[in-house]
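Working notes for the structure below.
Where a number appears in this text, it was derived from the coordinates with a stated rule and is not lab data. Owing to the predicted nature of the structure, the values given are computational and were not obtained by experimental measurement. A quick note on method: Cβ atoms are made from the backbone with ideal geometry, for glycine too, and the neighbour counts reach across all protein chains shown.
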Amino acid sequence: MDRLTHVLAVGWNMTTGADAGSGSDAADMEVVGILGQRRQRARRRFFQAVLEDDDRGVSEGIEAGARLNQVNTDGETALVVAAKRGFSRIVRILLDAGANTDTRKAPLFATALYWAVARGHIDIALLLIERGANVAITTAERDGPLLAATRYNHTDIALALLQAGARLDSVDRFGDTPLLNAISRGNRAVVRALLRAGANPNLAHEDDGRTPLLAAVEGGQRKIVKLLLNAGADPNRADEEGRTALDVARREGRGEIVQLLEERAAAAAET
């Protein structure tokens with residue numbers, strides 16, 4: 001029998017006697033004290049429960065009044081910790097309890113959504129998007145959810161982010177855009193979705209001036225080349241070295257792509 005059970009039993013017995021008042025009050029005070037200590041322990045253990053994927057411990061901490069949006073010594077909230085580690089049950093419990101999806105702290109200023117995407121936790125990323133997480137927030141390193149989704153080739157996440165209004169033409173610290181990332185992965189579905197959403201087909205790499213069209217030609221991706229041309233990509237746009245997509249296609253002997261580019265160039269010259 002633990003102390004709380006004992007005190008409750010003794011307190012109940014005291015209320016049956018003639019002088020029950022003072023004894024009952026003392027028992028009540030001890031019960032309050034014991035419950036208070038338990039709540040404090042639950043609050044203190046809250047972050048540890050998150051780290052251990054202990055849904056019961058997390059729920060007890062929340063019920064005891066744990067602050068959902070406080071940060072640990074790494075500057076991460078409980079939601080960020082759970083999303084980063086792929087603990088989908090914990091993420092759902094925290095969201096249901098009202099955790100802020102977008103709280104972020106130094107040094108990286110990364111949100112739970114960013115980490116879910118970067119670590120490939122698709123179910124968590126989709127849940128966070130569904131719950132209204134900000135899809136446009138970037139980190140201190142100029143990275144964001146859509147950039148990460150396209151870089152790591154997470155098609156379902158990228159499509160959900162686009163539907164939620166993610167930034168189409170953001171540029172990461174490597175100079176890449178979501179469109180360039182999708183092209184480098186040969187992900188035609190995401191390229192098509194980006195272009196339909198309004199991504200700039202001529203936005204070149206920040207450092208070397210490589211255009212999306214040139215990147216697709218280098219990869220021998222004829223169908224993506226066609227998508228880009230239909231979206232208004234300029235076949236005559238050169239990179240920092242003066243190379244155009246047609247130059248590269250001819251040099252690499254990509255006959256079908258050369259034909260596509262020449263036809264488009266000829267059509268442009270007639271207008």
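The table that follows gives values for the structure above.
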quantity: Cα-based radius of gyration of region 96-242 once divided by 2.2 N^0.38 Å, which approximates compact folds; calculated: 1.06
quantity: Extension gain from Asn230 to Thr155, taking 0.36 nm per residue of separation minus the Cα-Cα distance; calculated: 24.8 nm
quantity: Least to most buried among Val217, Val225, Val71 (fewest other Cβ within 10 Å first); calculated: Val71, Val225, Val217
quantity: Volume of the Cα convex hull of region 208-271, divided per residue and given in Å³; calculated: 73
quantity: For region 159-173, 3J(HN,Hα) per residue [Karplus equation, 6.51 cos²θ - 1.76 cosθ + 1.60, θ = phi - 60°, Hz, x = Gly/Pro]; calculated: 5, 5, 5, 4, 5, 8, x, 4, 6, 6, 10, 5, 10, 8, 5
quantity: Percentage relative contact order, region 208-271, counting C-alpha pairs under 8 Å, at least six apart; calculated: 34
quantity: Relative packing of peptides 47-60, 181-194 - highest average C-beta neighbours within 10 Å first; calculated: 181-194, 47-60
quantity: Point-to-point label distance, Lys223-Gln163, nm (Cα→Cβ direction, 7 Å offset); calculated: 2.1
quantity: Region 51-62 - phi-based ³J(HN,Hα) in whole Hz, Karplus 6.51/-1.76/1.60, Gly and Pro as x; calculated: 4, 8, 6, 9, 5, 5, x, 5, 4, 5, x, 5
quantity: Ranked list, fewest to most other Cβ atoms within 10 Å of each Cβ, for Thr139, Thr150, Thr177; calculated: Thr139, Thr177, Thr150
quantity: Phi to ³J(HN,Hα) by Karplus 6.51 cos²θ - 1.76 cosθ + 1.60 over region 256-266, Hz, x for Gly, Pro; calculated: 5, 6, 4, 4, 4, 5, 5, 4, 5, 4, 5
quantity: Gain in span if fully extended, Glu263 to Asp96, counting 0.36 nm per residue against the direct Cα distance; calculated: 54.5 nm
quantity: Extent along principal axes [Cα atoms of region 95-158; Å; largest to smallest]; calculated: 32, 26, 17
